[in-house]
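The values are calculated or read from the model by the stated rules, or taken from the named source; none is laboratory data. The model shown is predicted, which means the values in this text are computed figures rather than measured ones. So basically every Cβ, Gly included, is an ideal-geometry build from the backbone, and we count neighbours across all protein chains shown. To get the accessible areas, we keep the full protein, side chains included, count just its heavy atoms, and leave off ligands, DNA and RNA. Shrake-Rupley method; radii C 1.70, N 1.55, O 1.52, S 1.80 Å.
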Amino acid sequence: MAALGGLAVGGLVATAAQRWLGAGNAAPDSPPSEFLNDASTLNPTRVRGVVFASSSPESTADALRPLLRRVAGGDDPALAVSGVRHSMGGQSLHADGWVVDAQPLKGVVVDTENSVMRVGAGTTWREVIPVLNELGLAPHVMQSNHDFTIGGSLSVNCHGLHANTAPISGTVRRLRLLTANGDIVTCGPTENSDLFRHVLGGYGLFGVVLEADLGVVPNALHERRFTTTRTEDYCDVFTEHVCAPGTDAEMAYGRLSVDPGNLLEEAVITTLSPVPGTRGTVLPLGAPSVPKLSRAIFRNSVDNEFGKKLRWWLERDVVPLTTGHISRNDLFNEPARLFANAKSSKTDILHEYFIPRVRLAEFTRAARGIIKRTGADLLNATVRDVRRDERSALAYAQQDVFGLVMLFDQDRSSTGERDMRRMTESLIEAAIAVGGSFYLPYRLHATLDQLVKAYPMWESFVETKFRHDPHGVFRNGLLDTYAQD
Ligand SMILES: Cc1cc2nc3c(=O)[nH]c(=O)nc-3n(C[C@H](O)[C@H](O)[C@H](O)COP(=O)(O)OP(=O)(O)OC[C@H]3O[C@@H](n4cnc5c(N)ncnc54)[C@H](O)[C@@H]3O)c2cc1C
C-alpha cells in the first residue's frame, strides 16, 4: 500500500474531562466527574472521565487493555466510544461510565491501484477529502457533511447524496477492531464476517473501530439538473431521471417544501451527472465555507411562516437558475455548522425515516398531518436514495428506500422535549405503517415496541453483542434505553 498522504497525529478536541492514557495505567481511585453532551445539547451526561485513543491501533490497544480488564472484572464502569458526538441520543455516552474518545486515531493512506484508502477511525471526512482530492479521488459513500469521524460513520452505517447506492457498509473492505477482551481483530466480508456485520451500524457496542479500508472512487465535475414535481409523483419522476436505463446521475437528492402553504407537497429533485473528461482529474477544492446569506435565510425561516415561504421560493425557483457545476468533493466538503442553531433556548433535531420507494407519498401525507397537528417547526426536508443494505446486521435499509430527513427546531425545555417525543412516536408509527423504519443516531424517542417492529433483528443483535462482550464492557445510551442484560 503506497503512502501517498498522511495526516498529523493528534488534533484532540479540547475538553475539560479527565485525560487518562498510557500502557499499564490503572484508573485513578477518585476521578473527577465531568458532564459531556452530544449534538442535541439535550444529553448532559455525567461520565467517569475520558480516555483518549492514541495515534496508532497498537498503541491504543496497549493503552486501553488495563481499563478493559478492570471493566470486565467489575472494578470500573462500562465505557462508550465516541467520535465527534454528532449523534443526538447519547449513543456516544454512558451515564457514569468512561468515554473512549477515538479522535486521535488519525491518518489516511491511499492505494490508488486498488482504489482503497486505509483510514484511522478518528479521522474526519474534512481531513480525508483534501488527501483524496490531490489524487483525483473522492469518498465513495459518506454523509452530506464532512464533520464526522470514520468510526462514527461506520458505526451508524451512514449514507448521503449518492444515487443507486447502499450505505457505507457496502464500501468497507476490512476493518480492525479492539474487542472487549483487548484483542485487535481484523474483520471483513469473509474474515470474522459475523463480527464485521455487527460492527457496521453497531453503534460502538462491539468494540473500538481502530482503522478501516474503504473503497474510493474517481472525483469528477458534475452538472446539476433540477426537476420540480409534486411529492405524489416523486417516486416516478425520480425513477425516470435517476434509475431508468441510459440515465447517468451519480448523485441525486430531493428537497421538499417547508412552506406551510404546501408543506411536503412539492419537491425539487437535484441530479448530478459527471461532466465528460473530468473523471479522475485533480480539480480545485474550494475551502469549506459558511455563506452568510444562505445561513441568514435559513435561520430566518425558524418559527417564521414568511421566512419558510421565501426559502422554498428560492430553493425551487432561484437556486436552479444560479447554480453551476460542482465536483463530488466540493459537494461533500460542507460543514454541518453551516445551518446550526446559535440560540441557547432552542436546538435543532434531526429525524430520518426510511420508506419503501413506492410508498413515499403515502408517508409524506401522514407526516404532513402529524406536523400540522402538533405545530412542530419543520426547517428542512430532504430525500435520499438508499439502496438495500445486504451487509450490516442492524440494517435500516432492509429494501430499496427513500430516506426522508427532517430537521426540526425545538425548545430546550421539558415541554419542548415532551412534544418532540410525542410527535416522533407518531411519525415512527406512520413509517412502520408503510413498511419503513427510522434512523438510530438521533433522539431515542421510539418505544421498544416500535424499535422491534422497525428492526425485527434487534433482539438477536443484542444477543450477539453479549456473546462478543459478555461482561458488557461497551455500553451507551442506545443499549441502556432498549436492552436490559
Ligand atoms: C448536522 C448533522 C447532519 C447529519 N447528516 C447525516 C447524513 O447526511 N447521513 C447520515 O447517514 N447521517 C447523518 N448524520 C448522523 C451522523 O452520521 C452520525 O451521528 C455519526 O455517527 C456522527 O459521527 P460522529 O463522529 O459524531 O460519531 P459519534 O456521534 O461520536 O458516535 C456515533 C456512534 O458511533 C460510535 N462510534 C464512534 N466512533 C467509534 C469508533 N471508533 N469505534 C466504535 N464505535 C464508534 C459511538 O459509540 C456511537 O454509538 C448527521 C448528523 C448531524 C448532527
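So which trypsin sites (Lys or Arg not before Pro) in the range 409-442 end up in coil per DSSP with only 15 or fewer other C-beta atoms within 10 Å?
Those that pass, being in a loop and sparsely packed, are R412.
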Nearest-20 debye value, the range 161-274 charge dipole, Cβ charges on Lys, Arg, Asp, Glu: 380 debye
Determine the order of D389, D75, D194 by accessible area, beginning with the largest, at a probe radius of 1.4 Å. D75, D194, D389
Taking protein heavy atoms only, a 1.4 Å probe, and rounding to whole percent, the accessible area of the range 30-133 owed to carbon and sulfur comes out at 45 percent
Report the full-extension gain for the segment R173 to E463: residue separation times 0.36 nm, less the Cα-Cα distance, to one decimal in nm. 101.9 nm
For the range 329-407 and the range 408-485, compute the distance between their C-alpha centroids and round to whole Å. 16 Å
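As a quick test, which of the pairs K309/K343; K343/K465; K308/K453; K372/K465 have an alpha carbon distance above 32 angstrom in this structure? Write down the numbers at each step before the final one.
Details: K309/K343 22 Å; K343/K465 39 Å; K308/K453 34 Å; K372/K465 40 Å.
From K309/K343; K343/K465; K308/K453; K372/K465, over 32 Å: K343/K465; K308/K453; K372/K465.
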Please arrange H222, H241 by accessible surface area, largest first, computed with a 1.4 Å probe and ligands excluded. H241, H222
Per the 1/(1 + (r/R0)^6) rule, R0 = 51 Å and r from the Cβ atoms of N300 and F35, FRET efficiency to 0.05 is 0.95
Probe radius 1.4 Å, ligands and nucleic acids ignored: give me the carbon and sulfur share of the accessible area of the range 400-447 as a rounded percent. 45 percent
Which one, T231, L195, L137, is farthest towards the positive end of the dipole of the chain when Lys and Arg carry +1 and Asp and Glu -1 on their Cβ? T231
Report the calculated FRET efficiency for E429 and L310 (r = Cβ-Cβ distance, R0 = 35 Å), to the nearest 0.05. 0.60
Could you check the spin-label model distance between E223 and R365? Points 7 Å from the Cα along Cα→Cβ, value in nm. 3.7 nm
What distance in nm separates the simple spin-label points at L331 and R373, each placed 7 Å from Cα in the Cβ direction? 3.7 nm
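Give me the extension gain from D233 to R69: residue separation times 0.36 nm, minus the current Cα-Cα distance, reported in nm with one decimal.
Contour length minus the Cα-Cα distance gives 53.4 nm.
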Leaving out ligands and nucleic acids, note down the accessible area per residue over the chain with a 1.4 angstrom probe, in whole Å². 39 Å²
Over the chain, calculate the relative contact order: mean separation of alpha carbon pairs under 8 Å at least 6 apart, over the residue count, as a percent. 16 percent
The answer for E211, listing residues at least 5 apart or on another chain whose modeled amide H is closer than 5 Å to its amide H, is A121, R176
Among W312, Q398, L379, which residue has its Cα positioned farthest towards the positive end of the charge dipole of the range 221-454, with +1 placed on the Cβ of Lys and Arg, -1 on the Cβ of Asp and Glu, and the dipole taken about the Cα centre? L379
In debye, nearest 20, what is the charge dipole magnitude of the chain about its Cα centre with +1 on Lys and Arg Cβ and -1 on Asp and Glu Cβ, if you could check? 680 debye
